Amino acid sequence: MKNLLAPRTLEFAVQTNEAARSAAEHADIIAEPGFGKHFTDHMVDICWSEMGGWHRPRVQPYGPIAMDPAAAVLHYAQEVFEGLKAYRHEDGSIWTFRPEMNAERMKRSAIRLALPELPTEYFIESLRQLIAVDARWVPSTPDTSLYLRPFMFAKEAFLGVRPAAKVNYYVIASPAGAYFTGGVEPVSIWISTDYARAGRGGTGAAKTGGNYASSLVAQQEAYDHGCAQVLFLDSEKSEYLEELGGMNVVFVYKDGRVVTPESSSILEGITLDSLLQLAKDRGLKTEQRRMTISEVREGVASGDIVEMFACGTAAVLVPIAQFKAEGYTIGDADAPAGELTMSLRQELTDIQYGRVQDRHGWMTRLDA
Ligand SMILES: *Cc1c(COP(=O)(O)O)cnc(C)c1O
């Protein structure tokens, strides 16, 4: 659905939070933020209607969203979201990583879910506006960040099945601690054969809550088998690799090739795209192609595949020691993190935290 009217203005109305956390409460939270548990004092809210397009951009105190019990999202899951981080650099400045990629992806997700497209300038301005009032929530200890969660959903009160004529876009933010506190630990991943996360023509390539809802039962199966995450295969043959519930997967071959599965139902990760670019910069060959689970089994057994990892914004990059499935395992649960895996992780985070030169122009300053 097109936004027929051009955005009227980028002028946000700002209502500051009278009940913002005290300095002491803030200090307690920032000292041990965890992930996704604590939220900043404000949020962004922009309305959209079929008649009026995007309107009423505002920053307001963080708090409950009032909505009608018949709001379409509660019944038909018409929703999309994004996830990116604000990083505090050594000099105190606040930056984010490739936000225009998130903005473009949110538009693609929105098109798939029959939601309106939020203009990229609005998306990026919404992050700046939130940082302008909540800068103190961007932590400064190593490997911490402020996780930014833009999302959009159908708010219209109507039980008929059609794209909603009233939608809201929000941004909330949550301080995030270091993902790995005791050093980077390789994980085991469960291969689901009973459940698929997406199918051909479905919503797999969109960042939408429904994909996560359908992954939860498989995720539980992974936990039951002592695994941290689940790897999904294609829905027809359970043969071709897709991705994890919320991360892409990558294999390093002994000849230096860096390979990731290709499929129309995989979500296009920005971390993945960036890591492939960094690998290319090192002269390594990268491939995005169909991959079967037999190729992975044989490759690991023969020593052709030497490293495996998963990647996404929240955890950046997680080494995979082993895959477990009903009846077989791939690799060794005690395998250490690969050398290239760790070196790419270091390079990407060095760029994000401003410790090395940003040669691709990936960083956008949010506090100026
Ligand atoms: C968000 C997400 C990813 C990772 O994308 P990034 O842009 O790297 O954070 C991968 N898979 C799914 C299903 C996701 O929702």
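The values are calculated or read from the model by the stated rules, or taken from the named source; none is laboratory data. Everything quoted here is computed from the prediction, not taken from an experiment. As a convention, Cβ positions derive from the backbone with ideal geometry for all residues, glycine included, and neighbour counts pool all protein chains shown. Accessible surface areas use protein heavy atoms only, side chains included; no ligands, DNA or RNA. Shrake-Rupley method; radii C 1.70, N 1.55, O 1.52, S 1.80 Å.
So that you can scan it fast, the table gives a plain yes or no per residue for (1) of a type in the set (Gly, Ala, Ser); (2) open to solvent by 50 Å² or more (accessible area, probe 1.4 Å); (3) at pLDDT 95 or above; (4) in the same structural domain as Glu347 (by TED's automatic domain parsing):
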| residue | (1), (2), (3), (4) |
| --- | --- |
| Asn3 | no, no, no, no |
| Ala19 | yes, yes, yes, no |
| Gly36 | yes, no, yes, no |
| Trp54 | no, no, yes, no |
| Val59 | no, no, yes, no |
| Trp95 | no, yes, yes, no |
| Met101 | no, yes, yes, no |
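Number of residues in the stretch 26-52 that are without any contact (Cβ under 8 Å) to a residue 60 or more places away in the chain and under 16 Å from Pro119 (Cβ atoms): the value is 1.
The rows are residues; the columns are (1) open to solvent by less than 10 Å² (accessible area, probe 1.4 Å); (2) assigned to a helix (DSSP H, G or I); (3) on the phi > 0 side of the Ramachandran plot.
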position: Arg297; (1), (2), (3): no, yes, no
position: Met308; (1), (2), (3): no, no, no
position: Cys311; (1), (2), (3): yes, no, no
position: Phe323; (1), (2), (3): yes, no, no
position: Asp334; (1), (2), (3): no, no, no
position: Ser343; (1), (2), (3): no, yes, no
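Given the conditions (1) open to solvent by 60 Å² or more (accessible area, probe 1.4 Å); (2) more than 30 Å from Leu127 (Cα to Cα); (3) assigned to a loop (DSSP other than H, G, I, E, B), and given that Thr329 satisfies all but one, which numbered condition is not satisfied? In the conditions (1) open to solvent by 60 Å² or more (accessible area, probe 1.4 Å); (2) more than 30 Å from Leu127 (Cα to Cα); (3) assigned to a loop (DSSP other than H, G, I, E, B), Thr329 misses (3) alone.
Counting the residues of the stretch 230-253 that are in contact with an Asp or Glu (Cβ under 8 Å, 6 or more places away or on another chain) and among the small types (Gly, Ala, Ser) gives 0. Do we have Ala110 as over 30 Å from Thr341 (Cβ atoms), over 19 Å from the mean Cα position of the chain (by Cα), in the same structural domain as Ala86 (by TED's automatic domain parsing) and of a type outside the set (Val, Ile, Thr) here? Judged against the criteria, Ala110 is not a match. A count restricted to the stretch 149-178 and to residues that are in contact (Cβ under 8 Å) with a residue 12 or more places away in the chain, open to solvent by 60 Å² or more (accessible area, probe 1.4 Å) and more than 16 Å from the chain's Cα centre (by Cα) stands at 4.
Just so you know, in the stretch 224-240 the residues that are in a loop (DSSP other than H, G, I, E, B) and of a type outside the set (Ser, Thr, Tyr) include one that is nearest to Leu278 (Cα to Cα), and it is Ala228.
If you go through the stretch 68-93 and pick out every residue that is open to solvent by less than 10 Å² (accessible area, probe 1.4 Å), in contact with an Asp or Glu (Cβ under 9 Å, 6 or more places away or on another chain) and in a loop (DSSP other than H, G, I, E, B), you end up with 1.
Only one of Glu243, Glu221 is assigned to a helix (DSSP H, G or I) and either open to solvent by less than 40 Å² (accessible area, probe 1.4 Å) or touching a strand residue (DSSP E or B) at 6+ places or on another chain (Cβ under 7 Å) (or both). Can you tell me which?
Working: Glu243 fails: assigned to a helix (DSSP H, G or I).
Exactly one residue qualifies, and that residue is Glu221.
Name the residues in the stretch 176-216 that are assigned to a loop (DSSP other than H, G, I, E, B), among the hydrophobic types (A, V, I, L, M, F, W, C) and under 30 Å from Gln346 (Cα atoms), would you? Selection gives Ala178, Phe180, Val184, Ala205, Ala206.
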